[in-house]
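S.K.: Take this structure, written in structure tokens, and hold onto it; I'll ask about it next.
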Amino acid sequence: MNNLLFTVNVEGIIQKDNHFLLVKRSKKETHAPGKWSLVGGKVENPSAILPVLEDTLRREIKEEVNIEVENEMKYLTSSFFTTDDKKSVIDIVFLCKYKSGQLSLVDRNELSEIKWMSYEEIMENQEIISFTKKCIELVKVKEKV
């Protein structure tokens, strides 16, 4: 059996008035520098036993863009990828609804921009990570069901 170690990462597709919140990763980031992606981060030293993934995502959203999302988060999808620096990552994506807060960049070493974008803007933007686009498409498909 292979003894791989994985990083567990959570991301949120945050919706507000038919728009989605995307963040542009800093050029200093080791994985996907300068690309637009979802808000999220690694599960590190969880402070609660349950629900670890959701609590981590709420904390990351607050730390990165200074907003809060509604308590209810819906699991959307998961994936496996290898970062540019060869780390194995299991990524879990949740659908979130904006609750409150003034959107702001908290740490410019991690992110360089934040923006609410429409579905069309996302699909046309070449700087958006393809996995992010696929996740947004999943949301649109589920809305039609």
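The values are calculated or read from the model by the stated rules, or taken from the named source; none is laboratory data. No experiment lies behind these values; they were computed from the predicted model shown. So basically every Cβ, Gly included, is an ideal-geometry build from the backbone, and we count neighbours across all protein chains shown.
S.K.: From F20, F80, which residue is touching a helix residue (DSSP H, G or I) at 6+ places or on another chain (Cβ under 7 Å), aromatic (F, W, Y) and closer than 23 Å to K134 by Cα?
M.R.: Residue meeting the stated conditions: F20.
S.K.: Only residues that are of a type in the set (D, E, K, R) and farther than 18 Å from I136 by Cα: list them for the stretch 73-94, please.
M.R.: Passing the criteria: D84, D85, K86, K87.
S.K.: Follow-up question, since we're still on this one. For the stretch 105-116, give me the residue count where each residue is hydrophobic (A, V, I, L, M, F, W, C), more than 14 Å from F20 (Cβ to Cβ) and within 15 Å of the chain's Cα centre (by Cα).
M.R.: The number of residues fulfilling the criteria is 2.
Residue-wise test of (1) at pLDDT below 95; (2) within 24 Å of N18 (Cβ to Cβ); (3) surrounded by fewer than 12 Cβ atoms within 10 Å (Cβ to Cβ).
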residue: D84; (1), (2), (3): yes, no, yes
residue: K97; (1), (2), (3): no, yes, no
residue: S100; (1), (2), (3): no, yes, yes
residue: S118; (1), (2), (3): no, yes, no
residue: E121; (1), (2), (3): no, yes, no
residue: I129; (1), (2), (3): yes, yes, no
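S.K.: Let me ask something else about it. Which fully enclosed strands (runs of 3 or more DSSP E) of the stretch 50-145 have 2 or more residues being farther than 17 Å from K24 by Cα and of a type in the set (S, T, N, Q)?
M.R.: Result: 74-82, 88-100.
S.K.: Something else about it: Among (1) of a type outside the set (D, E, K, R); (2) more than 15 Å from the chain's Cα centre (by Cα); (3) at negative phi, where does N45 come up short?
M.R.: So the condition that N45 fails would be (3).
S.K.: Now for a different question. Restricting attention to the stretch 16-25, report how many residues are touching a Lys or Arg at 6+ places or on another chain (Cβ under 7 Å) and over 17 Å from M123 (Cα atoms).
M.R.: Adding up the residues that qualify gives 1.
S.K.: Right, something else. Out of all the residues in the stretch 86-95, which are touching a residue at least 40 places away in the same chain (Cβ under 8 Å), out of contact with any Lys or Arg (no Cβ under 9 Å at 6 or more places or on another chain) and over 30 Å from D17 (Cβ atoms)?
M.R.: Once the filter is applied, which keeps residues that are touching a residue at least 40 places away in the same chain (Cβ under 8 Å), out of contact with any Lys or Arg (no Cβ under 9 Å at 6 or more places or on another chain) and over 30 Å from D17 (Cβ atoms), the stretch 86-95 yields K87, S88, I90.
S.K.: Quick check on my filter: what residues within the stretch 82-120 are of a type in the set (A, V, I, L, M, F, W, C) and closer than 18 Å to G34 by Cα?
M.R.: L105, V106, L111, I114, W116, M117, listed by residue number.
S.K.: S37 is checked against (1) surrounded by 17 or more Cβ atoms within 10 Å (Cβ to Cβ); (2) among the small types (G, A, S); (3) on the phi > 0 side of the Ramachandran plot and fails just one. What number does that condition carry?
M.R.: S37 satisfies all of (1) surrounded by 17 or more Cβ atoms within 10 Å (Cβ to Cβ); (2) among the small types (G, A, S); (3) on the phi > 0 side of the Ramachandran plot except (3).
S.K.: Report yes if L50 is over 20 Å from N18 (Cα atoms) and surrounded by fewer than 16 Cβ atoms within 10 Å (Cβ to Cβ), otherwise no.
M.R.: yes
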